[in-house]
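Asks: Could you have a look at this structure, given as structure tokens, before my questions?
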Amino acid sequence: MESMYINHLAVAICAIGSLLIGGIWYSPFVFFKAWQKESGLTDEQISKANMFKTYGLTLVFAYIMSYNLAFFLGDAGTTWSWGLTAGFLAGFGWASLSLAIISLFEQKSFKYMLINGGYLTVWFSLAGLLLGIWR
């Protein structure tokens, strides 16, 4: 474990990146309307959400997940390509497929799974890339 290294600033940037990527992914220009339809949320329900709580907890959870990924990539031999690969595997193989299993039981659509799982896969992949590059 002596060769373990975590760039704490990179972890924080990855957490903030989750908000930025999500802001684009779920924007009206990309997947907002499709996501809203598939999630079954009305404009009224969305407008009543506590945004401080939603974005605050999202940042905290993304920070924890970014540290988790950083521990997996903490070896001194980690490269950008391994970071990208590990991020993709974590995003698709763990996060997205876990979401898909839960979504099956919640009787959500395949489109819902693709929109949300796609976001998770993209964010984890980019976070892994950043953690792999910024050593």
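The values are calculated or read from the model by the stated rules, or taken from the named source; none is laboratory data. What you are looking at is a predicted structure, and each value in this text was computed from that prediction instead of being measured. Neighbour counts run over all protein chains shown; Cβ positions are idealised from the backbone, glycine included.
Asks: Which residues, taken from region 1-60, are under 22 Å from GLY91 (Cα atoms), surrounded by fewer than 14 Cβ atoms within 10 Å (Cβ to Cβ) and not hydrophobic (A, V, I, L, M, F, W, C)?
Replies: Selection gives TYR5, HIS8, GLY23, SER27, THR54, GLY56.
Asks: Can you work out which of the residues in region 24-39 that are out of contact with any helix residue (DSSP H, G or I) (no Cβ under 9 Å at 6 or more places or on another chain) and not aromatic (Phe, Trp, Tyr) is nearest to MET4 (Cα to Cα)?
Replies: So, considering only residues that are out of contact with any helix residue (DSSP H, G or I) (no Cβ under 9 Å at 6 or more places or on another chain) and not aromatic (Phe, Trp, Tyr), the one nearest to MET4 (Cα to Cα) is ILE24.
Asks: If you don't mind, another one. Identify, by number, the condition in (1) surrounded by 14 or more Cβ atoms within 10 Å (Cβ to Cβ); (2) among the polar types (S, T, N, Q); (3) within 13 Å of LEU131 (Cβ to Cβ) that SER96 doesn't meet.
Replies: (3)
Asks: Against the definition (crowded, with 16+ Cβ neighbours inside 10 Å and modelled with pLDDT of 95 or more), how does LEU120 come out, yes or no?
Replies: yes
Asks: Yes or no: LYS48 within 24 Å of LYS111 (Cβ to Cβ), modelled with pLDDT of 95 or more and among the basic types (Lys, Arg)?
Replies: no
Asks: Further, regarding this structure: Kindly evaluate TYR112 against the criterion of being part of a helix (DSSP H, G or I), at pLDDT 95 or above, more than 13 Å from the chain's Cα centre (by Cα) and not aliphatic (A, V, I, L, M).
Replies: The answer is yes for TYR112.
Asks: I'd like to check something: does region 101-116 contain any residue that is among the acidic types (Asp, Glu) and over 28 Å from ASN7 (Cα atoms)?
Replies: Yes, because at least one residue in region 101-116 is among the acidic types (Asp, Glu) and over 28 Å from ASN7 (Cα atoms).
Asks: Can you say whether GLY56 is within 17 Å of the chain's Cα centre (by Cα), over 24 Å from SER3 (Cβ atoms) and assigned to a helix (DSSP H, G or I), as far as the supplied structure shows?
Replies: In short, yes.
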